2 protein chains.
Amino acid sequence: MFRILVLGSGAIAGLYAGKLVQAGCKVDFWVRKNSYELKRNGFQIESAPWGNFHYKVEKIFESIPKNLKEYDLILNCLKCLPDINLKKILGEKIPPNLPILLLQNGIGIEEPVSILYPENEILSGLAFVCANRLDAGKILHLDYGELTIGSWNRNPSFICDQLVNLFNSVGVPTQNTNTIRQARWKKLMWNAPFNPISVLCGGKNTLEILENPHSCKLVIEIMKEVQTLSKLDGAEVPSTQIDIFLQMTKTMKPYKTSMLLDFEAGRPMEIEAILGNTIRIAEKNNLEIPHIQTIYSLLNLYES
Amino acid sequence: MFRILVLGSGAIAGLYAGKLVQAGCKVDFWVRKNSYELKRNGFQIESAPWGNFHYKVEKIFESIPKNLKEYDLILNCLKCLPDINLKKILGEKIPPNLPILLLQNGIGIEEPVSILYPENEILSGLAFVCANRLDAGKILHLDYGELTIGSWNRNPSFICDQLVNLFNSVGVPTQNTNTIRQARWKKLMWNAPFNPISVLCGGKNTLEILENPHSCKLVIEIMKEVQTLSKLDGAEVPSTQIDIFLQMTKTMKPYKTSMLLDFEAGRPMEIEAILGNTIRIAEKNNLEIPHIQTIYSLLNLYES
């Protein structure tokens, strides 16, 4: 049996761990809070695309179990925030060959984990999903749900194939990719404009942002900066992707970005993972990205 | 006796018209609303630098008086907004040689008036003042108050000298300048960063903006763009002005910008006069100003 330790209990953790339970995996959780409620009540998933379901979990820890050798995978679904430190959570040493899947937002997030645990396989995952955590263990899955998973430092990757099969076996459309770095830049191309703009404009949804000609132009400028940077980073997202994203976003249900939901709930925003890391990569490559710089500065002040 | 028709009844109009009354001028008002209250109660000025005072006005119009020949000056203190149209207010024809002083914010605002009334002297004025309108006729003048006035299309200008003398005679430090275009760029160098940032960050004051290293950097980037543009426009503000403004803003009382006050009160913001015109001048000069472009786009969406 495939045994997984999930970090976090937000929308992504609750939803995808639940599907892995359906696929026959044994899933334990490490959470920062609410372990008692989660153990007692389990997770209640209200999913429009996949149907509602409920599952209970036997082991929910608030401190990392000593014997990590019991696990086949660590699934990291924590928010990517400066004060959430994997080294402090998992410790400096973990069993060699215990793979870690990062199902998180942002860019440049794999390298620090790979440096911290050089003997472990690091996998990188991208979820294209609209899902919110309503309360402890209560998750609302509104739309989409596709996963893209790739190994960051192994080729070929046995564990990656296995995960893709597990997810697909329970109806989560999941693809294995050899170009996860490019896939991450591609997701950033969408996140970098829509997430910050939605917050800085007092809470506009995706369609409102595109319907205003000025902010639509700004979206395109930011996407262009990400495109140029992806090329310099050796993982070019083709510039045709900009039009594809604009069309896709115009036709999909208007929705509030994850950063806007975080902001409205008074939670910290993933400013560094999405924008700060982008700026640092641009600096390494001597590229000016003034549009992203501007929204990064504004968000920093907004949150301060 | 010097006879003036003031347009508007906001903080600038009420304060400076009151000083002109003290200087012995006959002042009438054209206002969009509240003419009855203003006529009955007059203006009550609470001024920290100049002392409190009250004045009454005989003539307050809601439609422009037919005989504009009675006046020696039109003092335009209206907000610079797209839906406030001088042609509609004053009509297409006004007596030749009736000068108009624009005591308003923004850049590129004199030329349209000069084109509309080619036979009239257009004066341009800049107020460095912290003053708020609390209610109809009630104005709170917190700090500063200096004026800079220059003729836009006459050299030498008799009326400009006369105005400078009138203001100085009642303790309003006023200087006559032959380089009003440069003075306007200089004021824009301060307004272009602080006004929009204060709004986009959920209401920060000038000191909070400078104390955050990210937004302080953004202030400098925006000031640099204005500096470059002033040079291309033939009215260069020296780049040393950037440091002067930073030091000055750090040491002066922290305060909320006029754009933030407008935003908080639900009034339209002077986005076009301050940023839209700047972008249009940059486009004419083939200059990219991405930091200003970004905040302009965000403000547009914010207000939509």
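If you go through region A:127-146 and pick out every residue that is touching a residue at least 60 places away in the same chain (Cβ under 8 Å) and surrounded by fewer than 22 Cβ atoms within 10 Å (Cβ to Cβ), you end up with 10.
Is it the case, given these coordinates, that B:PRO213 is in contact with a helix residue (DSSP H, G or I) (Cβ under 8 Å, 6 or more places away or on another chain), surrounded by fewer than 23 Cβ atoms within 10 Å (Cβ to Cβ) and not assigned by the TED database to the domain that holds B:ASP135? In short, no. Counting only residues that are buried (at least 20 other Cβ atoms within 10 Å of the Cβ) and either free of Cβ contacts under 8 Å to residues at least 24 places away in the same chain or assigned to a loop (DSSP other than H, G, I, E, B) (or both), region A:104-119 holds 6 of them.
Evaluate the following for B:THR257: is it within 14 Å of chain A (Cβ to nearest Cβ) and within 26 Å of B:LEU101 (Cβ to Cβ)? The answer is yes for B:THR257. Taking residues in region A:88-101 that are more than 16 Å from A:LEU78 (Cα to Cα), and partners anywhere that are among the aromatic types (Phe, Trp, Tyr), the pairs with Cβ atoms closer than 8 Å and at least 6 places apart or on different chains are A:ILE94/A:TYR117; A:LEU98/A:TYR71. Does region B:75-103 hold any residues that are surrounded by fewer than 21 Cβ atoms within 10 Å (Cβ to Cβ) and among the polar types (S, T, N, Q), and which are they? Of everything in region B:75-103, those that are surrounded by fewer than 21 Cβ atoms within 10 Å (Cβ to Cβ) and among the polar types (S, T, N, Q) turn out to be B:ASN85, B:ASN97. When we screen B:SER258, B:SER239 for residues that are among the small types (Gly, Ala, Ser) and closer than 24 Å to A:PRO290 by Cβ, the only hit is B:SER239. Selection of region A:260-279 for residues being over 25 Å from A:LEU142 (Cβ atoms) and more than 11 Å from chain B (Cβ to nearest Cβ) yields A:GLU272, A:ASN277, A:THR278.
Within region A:72-103, which residues are polar (S, T, N, Q) and over 19 Å from A:LEU166 (Cα atoms)? Please lay out each step first, then the result.
Narrowing region A:72-103 to residues polar (S, T, N, Q): A:76, A:85, A:97.
Selection gives A:ASN85, A:ASN97.
Residues that are more than 10 Å from every other protein chain (Cβ to nearest Cβ) and under 21 Å from the mean Cα position of the chain (by Cα) within region B:280-304 comprise B:ARG280, B:ILE281, listed in sequence order.
Please specify each residue of region A:196-223 satisfying the condition of being part of a helix (DSSP H, G or I) and either of a type in the set (A, V, I, L, M) or more than 10 Å from chain B (Cβ to nearest Cβ) (or both).
A:ILE197, A:VAL199, A:LEU200, A:THR206, A:LEU207, A:ILE209, A:LEU210, A:LEU218, A:VAL219, A:ILE220, A:ILE222, A:MET223
A:GLY203 meets all of the listed conditions (1) in the same structural domain as A:LYS231 (by the TED database); (2) at negative phi but one, namely (2).
With respect to the conditions (1) in contact with a Phe, Trp or Tyr (Cβ under 7 Å, 6 or more places away or on another chain); (2) under 24 Å from B:THR240 (Cα atoms); (3) within 14 Å of chain A (Cβ to nearest Cβ), B:ILE180 falls short on a single one, namely (3). Provide a single number: the residues in region B:224-247 that are among the aromatic types (Phe, Trp, Tyr) and either within 14 Å of another protein chain (Cβ to nearest Cβ) or in a loop (DSSP other than H, G, I, E, B) (or both). Adding up the residues that qualify gives 0.
The values are calculated or read from the model by the stated rules, or taken from the named source; none is laboratory data. Just so it is clear, the structure is predicted and the values come from calculations on it, not from any experiment. Cβ sites come from the backbone with ideal geometry, for glycine too, and all protein chains shown count toward neighbours.
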